[in-house]
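Asker: I have a structure I would like to understand better, so I am pasting it below and will then ask my questions one at a time.
The values are calculated or read from the model by the stated rules, or taken from the named source; none is laboratory data. Quick caveat, the model's predicted, so the values are computed rather than measured. Counting neighbours? That spans all protein chains shown, and the Cβs are built from the backbone with ideal geometry, glycine included.
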Amino acid sequence: MSAPALLDRSITDLAGALSRREVSSEEVTRAALARIEATDERLHAFLRVVPERAIASARGSDARRARGEVRSPLDGIPIGLKDIFLTKGVETTCGSRILAGFVPPFDATVVERLETSGAVVMGKLNMDEFAMGSSNENSAFGPCRNPWDLERTPGGSSGGSAASVAARQVFGALGTDTGGSIRQPASLCGVVGLKPTYGRVSRYGVVAFASSLDQVGPIARTVTDAAAMLGVIAGHDPRDQTSSLLPVPDYRAGIEEGARGLRIGVPREWLQGGSEAGVERRVREALAAYEAMGATLVDVELPHSRYGVAAYYLVAPAEASSNLARYDGVRFGLRAPARSLADMYGETRDQGFGAEPKRRIMLGTYALSAGYYDAYYLRAQKVRTLVRRDFDRAFERCDLVAGPVSPTVAFRLGEKVDDPLQMYLADVFTISCNLAALPGLSVPAGLHPESRLPVGLQLVGRPFDEATLLRAARALEREMGPSPAPEAIG
Amino acid sequence: MTREWQLVVGLEVHAQLLTRSKIFCGCPTTFGGEPNTHVCPVCLGMPGVLPALNRQVVEFAVRTGLALGCAIQEKSVFARKNYFYPDLPKGYQVSQYELPICVGGGVDLTLDGVERRVRLTRIHMEEDAGKNLHGVAADGSSGVDLNRAGVPLLEIVSEPDIRSIDEAVEYLKSLRAILMFLGVNDGNLEEGSFRCDANVSLMPVGSTVLGTRCELKNMNSFRFLRQAIEFEVRRQSEILEGGGRVVQETRLFDPQRGETRSMRSKEEAHDYRYFPEPDLPPVRVPAAWIEEVRRSLPELPRARAARYQRDLSLSAYDAGLLTADRETAEFFDASVRARGGGAESAKRIANLLTGEVARLANDAGAGTSRGKLTPEALAGVVRLTEAGTLGGPGIRQVLEELFRQGGDPAVVVASRGLAQVSDESAVEGACDAVLTAFPGEVERFRAGESKLLGFLVGQVMKGMKGKGNPAVVNAMLKRKLGA
């Protein structure tokens, strides 16, 4: 059974239908709930569905609309949340056993903003534990699967978010991206994923992985939908002092302006055979399409991006080792029974954390240790500065940079689980953008010629210039026509 | 201390700031309260929370730094100090490390008439931890109270410039008085809002090479600080004299035994794995803000005491008493102003404030408060005294009334009939009556028993119900007795 046409619509379309009263939010929400019910046993995108809360929000939206009040383009639209976002009264696990049973007393700022704008929260989506992973296989509650091929991963860590959006369970979802965790699953599931500039969206109420890299962003089926979602969640939050005071533009305003006149930087380091041939082919075709639309391709160099993965795997684990220290079994989540306090800490952490968080806690603790700090953490921070300078230099000659998102299409479940280094390399193209705090976007660039699995094109922009990324992505989307729906999930 | 060893001390002070809310959240900083009632997700260290820096904390740090002559850093950076302890909810303390807000500066002391300066290394901002509570639950289990977690602290670190126990105590007292004057700290050692760790070492007299130090903790009074260092000097000198080596370690002072004992050695010391706090941007203190704070600084105790001695000819002792706390100093200044200046009046005001008024406050358990007495009223009392309207016992009664009820001293004097009688004819009548009533004593006085004058004066005063002006009574009696 394929998804009903209603669920196949974009947010923008559906908002129109809702305002014309062709359909109610409650009907849409019930259809989405039914779709989740019908598909999620196989997909496993959701860790928790909140039907009562969803129906109540949908009715609220319908009641407002009956009074002629519409709060935003998301009013009445079913949206999913990665389980990293704190939801008041709804268990939030971050994909980890150590947070099992944790029911937050408040909503994350972005959840508050979504609900205030009328969005209908459907539930909490599967993810790699503490957002550490690129395949969703690190979820303590079993992996989510790729709706294009259920034997493959949806990518990660926001795999549940991308899979759910692709499978037409929800119209959009929020994810987080620390090293590629929005863009890579979006690419592998054939949807649009945007990691905004660091500081564009509040991190308050988002379980921290690597605080200087984490950023919240939308995953949607169209570029315009992603723009609409970003408009709702972006902006300064006094509770997050790293959030920017810059005003939030209307991201949909110039989105149809096309690619003409854009200078697109093509980093030679990103197209040197580091990707599968089929991926590289689709990326080159997308670049050619831009040229055909009137954009100029410019060769640029990002010489330090080759150190990106190494620097990332020092900075991110270092911050994670500190961020994860609070999970001690005392105040929330899992508490393993034990005779002494020290044993309780040890047992709780041993049982509560999976292999990947443990690995990163150890890596990070080591990198910050006395005598190693300068050689590792400090050196890695210097690499960040160099990576950023590469981009600054590139942006003197171009408006945005384009390349692959992931070196491969969706890989098979189990294919890389035993080889963490291989898994880490899945983020080789996405990590620089986080290190440099820049906005990055993944937009569908067609299907792989042999495997018929989605390939994404990555666009990286100047700080706080999400608008240009969205405009360029929309131009390609229009050129390629609507992306097909995945068939494997039915 | 023995003859061979020179004591070297550096002090680290943790002072809780008197802000209304905590350093990174809106919870109140009030002391006490049922455990875990002044808490929120932020100071509980829940997943997903972020710190939002309280601007008042920065202002207090700048104020303190300026008062202590530090260089205020235009940019300073918070860092995470990582360690596991049950009272530390996040598993790290947000503090400052490589780039603190204040650098350098010092505290000037006078010790046995000698001027000394103890230099400061740095001052930084950080959050306090919670408190472990043992044996409070019915089942004997321990608990953690996080009311204090996130209360703002300044850590004030001195150079190892202190060379005697007296100097250590004097440094701590001076620093405490300055912080209290600035209104940034309440100076309460017992409740732990003003805490001190001491780094103590010995080196051979004449040496410039510092010995191995021990860090002493848990001294919550000046007396305990003294005891702890005394014990440590004995302990370390015994080790050194026995040819041994002092082991670098942290030692806990036990107030019951007056001893320090090993808490953890250098090998067991934490590796705090400091790194810049990614959740907080660097703290920027623009020059204009620093100047604004500088202009609002109060006159500090030493400068004030010097002024009292210079301009008002007060003794160093009185000047010290009056500048022991800001309330007293401000009250004194206001009273002198209300009286209209003059060293003589100032001396009288100082005597009343440090004498009678302090006694009244003490009896009432009012601390440094002065009840309902105002500086204007105190100035009025002095004015009445100087005019001869008020004398000893009257002053005491008026002050008591003003302390309890407030009001205008002239009105109190009039309504309670406390005015001194200086009228010659009234005094003369009373004197005559006494001379008549005690002919024997008059006889003996005239025969040379001059000390009987006091008795006769006393009798006159008694006859006048204590209201006679003693000077007038004295003069009158002497005249009548032909003395």
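Asker: Every residue in the range A:111-126 that is among the β-branched types (V, I, T), away from chain B (no Cβ under 11 Å) and surrounded by 22 or more Cβ atoms within 10 Å (Cβ to Cβ), please.
Answerer: Within the range A:111-126, A:V120, A:V121 meet the criteria.
Asker: Please go through the range B:270-312 and give me each residue that is of a type in the set (D, E, K, R), within 14 Å of another protein chain (Cβ to nearest Cβ) and either in contact with a Leu (Cβ under 8 Å, 6 or more places away or on another chain) or free of Cβ contacts under 8 Å to residues at least 60 places away in the same chain (or both), ordered by number.
Answerer: B:D271, B:R273, B:D279
Asker: A follow-up question, please. Can you name the condition, by its number, that A:G346 falls short on among (1) more than 28 Å from the chain's Cα centre (by Cα); (2) more than 14 Å from chain B (Cβ to nearest Cβ)?
Answerer: (2)
Asker: Before we move on, is A:F391 surrounded by fewer than 22 Cβ atoms within 10 Å (Cβ to Cβ), more than 26 Å from A:D8 (Cβ to Cβ) and modelled with pLDDT of 95 or more? So that I can check it myself, show each step before the final result.
Answerer: On the way: surrounded by fewer than 22 Cβ atoms within 10 Å (Cβ to Cβ): no; more than 26 Å from A:D8 (Cβ to Cβ): yes; modelled with pLDDT of 95 or more: yes.
For A:F391, the condition - surrounded by fewer than 22 Cβ atoms within 10 Å (Cβ to Cβ), more than 26 Å from A:D8 (Cβ to Cβ) and modelled with pLDDT of 95 or more - is not met.
So that you can scan it fast, the table gives a plain yes or no per residue for (1) surrounded by fewer than 24 Cβ atoms within 10 Å (Cβ to Cβ); (2) assigned to a helix (DSSP H, G or I); (3) among the charged types (D, E, K, R):
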residue: A:A208; (1), (2), (3): no, no, no
residue: A:L230; (1), (2), (3): no, yes, no
residue: A:P247; (1), (2), (3): yes, no, no
residue: A:E285; (1), (2), (3): yes, yes, yes
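Asker: Only one of B:I72, B:I101 is more than 14 Å from every other protein chain (Cβ to nearest Cβ) and under 28 Å from A:G364 (Cβ atoms). Can you tell me which?
Answerer: When all the criteria are applied, what remains is B:I101.
Asker: Here's a check for you: in the range A:435-477, which residue that is of a type in the set (D, E, K, R) and touching a Gly at 6+ places or on another chain (Cβ under 8 Å) is surrounded by the most Cβ atoms within 10 Å (Cβ to Cβ)?
Answerer: A:R471
Asker: If I filter the range A:132-144 for residues that are more than 26 Å from A:F106 (Cα to Cα), in contact (Cβ under 8 Å) with a residue 40 or more places away in the chain and among the aromatic types (F, W, Y), do I get at least one hit?
Answerer: no
Asker: Return the residues of the range A:291-328 that are without any contact (Cβ under 8 Å) to a residue 24 or more places away in the chain and within 14 Å of chain B (Cβ to nearest Cβ); say none if nothing qualifies.
Answerer: A:A325, A:R326, A:D328
Asker: List every residue pair whose Cβ atoms sit under 9 Å apart, with the two residues 6 or more apart in sequence or on different chains, where the first one lies in the range B:35-48 and is at the interface with chain A (Cβ under 8 Å from one of its Cβ atoms) and the second, anywhere, is polar (S, T, N, Q) and part of a loop (DSSP other than H, G, I, E, B).
Answerer: B:L44/B:N36; B:P47/A:T92; B:G48/A:T92
Asker: Continuing with this model, one more query. Does the range B:141-160 include one or more residues that are in contact (Cβ under 8 Å) with a residue 24 or more places away in the chain, within 14 Å of chain A (Cβ to nearest Cβ), buried (at least 21 other Cβ atoms within 10 Å of the Cβ) and of a type in the set (A, V, I, L, M)?
Answerer: Yes, the range B:141-160 has at least one match.
Residue-wise test of (1) farther than 22 Å from A:G193 by Cα; (2) of a type outside the set (D, E).
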| residue | (1), (2) |
| --- | --- |
| A:I11 | no, yes |
| A:A17 | yes, yes |
| A:S24 | yes, yes |
| A:T29 | yes, yes |
| A:R53 | yes, yes |
| A:A63 | yes, yes |
| A:D83 | no, no |
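Asker: Further question on the same structure: Considering only residues that are polar (S, T, N, Q) and assigned to a helix (DSSP H, G or I), which ones fall in the range B:152-177?
Answerer: Matches in the range B:152-177: B:S174 only.
Asker: Do you know which of the residues in the range A:56-88 that are of a type outside the set (F, W, Y) and within 14 Å of chain B (Cβ to nearest Cβ) is farthest from the chain's Cα centre (by Cα)?
Answerer: Restricting to residues being of a type outside the set (F, W, Y) and within 14 Å of chain B (Cβ to nearest Cβ), the top hit is A:K88.
Asker: Taking only the range B:76-122 into account, find how many residues are out of contact with any strand residue (DSSP E or B) (no Cβ under 6 Å at 6 or more places or on another chain), over 16 Å from B:S158 (Cβ atoms) and part of a strand (DSSP E or B).
Answerer: Result for the range B:76-122: 3.
Asker: State yes or no: is A:R281 more than 19 Å from A:L400 (Cβ to Cβ), within 14 Å of chain B (Cβ to nearest Cβ) and in contact (Cβ under 8 Å) with a residue 60 or more places away in the chain? Before you say what the answer is, go through the steps one by one.
Answerer: On the way: more than 19 Å from A:L400 (Cβ to Cβ): yes; within 14 Å of chain B (Cβ to nearest Cβ): no; in contact (Cβ under 8 Å) with a residue 60 or more places away in the chain: yes.
No: the conditions fail for A:R281.
Asker: What do you reckon, is B:E59 surrounded by fewer than 20 Cβ atoms within 10 Å (Cβ to Cβ), assigned by TED's automatic domain parsing to the domain that holds B:L133, out of contact with any Gly (no Cβ under 7 Å at 6 or more places or on another chain) and more than 29 Å from B:S158 (Cα to Cα)? First the steps, then the outcome.
Answerer: Values: surrounded by fewer than 20 Cβ atoms within 10 Å (Cβ to Cβ): yes; assigned by TED's automatic domain parsing to the domain that holds B:L133: yes; out of contact with any Gly (no Cβ under 7 Å at 6 or more places or on another chain): yes; more than 29 Å from B:S158 (Cα to Cα): no.
Taking the combined requirement at face value, the residue does not satisfy it.
Asker: Please determine, by comparing only the residues of the range A:178-234 that are β-branched (V, I, T) and within 14 Å of chain B (Cβ to nearest Cβ), which one is nearest to A:S322 (Cα to Cα).
Answerer: So in the range A:178-234, the residues β-branched (V, I, T) come out as A:178, A:182, A:191-192, A:197, A:201, A:206-207, A:216, A:219, A:222-224, A:232-233.
Still in the list and also within 14 Å of chain B (Cβ to nearest Cβ): A:178, A:201, A:206-207, A:216.
Numbers: A:T178: 16, A:V201: 22, A:V206: 16, A:V207: 13, A:V216: 20 Å.
So, considering only residues that are β-branched (V, I, T) and within 14 Å of chain B (Cβ to nearest Cβ), the one nearest to A:S322 (Cα to Cα) is A:V207.
Asker: Going residue by residue through the range B:62-69, is there one that turns out to be of a type in the set (S, T, N, Q), assigned to a loop (DSSP other than H, G, I, E, B), more than 10 Å from chain A (Cβ to nearest Cβ) and crowded, with 22+ Cβ neighbours inside 10 Å?
Answerer: Checking the range B:62-69: not a single residue is of a type in the set (S, T, N, Q), assigned to a loop (DSSP other than H, G, I, E, B), more than 10 Å from chain A (Cβ to nearest Cβ) and crowded, with 22+ Cβ neighbours inside 10 Å.
Asker: Only one of these conditions is not met by A:W270: (1) modelled with pLDDT of 95 or more; (2) in a helix (DSSP H, G or I); (3) out of contact with any helix residue (DSSP H, G or I) (no Cβ under 6 Å at 6 or more places or on another chain). Which number is it?
Answerer: For A:W270, the exception is condition (1).
Asker: Only residues that are under 13 Å from B:M461 (Cα atoms), part of a helix (DSSP H, G or I) and not charged (D, E, K, R): list them for the range B:413-431, please.
Answerer: Restricting attention to the range B:413-431, the residues satisfying the condition of being under 13 Å from B:M461 (Cα atoms) are B:420-422, B:426-431.
Cutting the leftovers down to part of a helix (DSSP H, G or I) gives us B:426-431.
The answer is B:A426, B:V427, B:G429, B:A430, B:C431.
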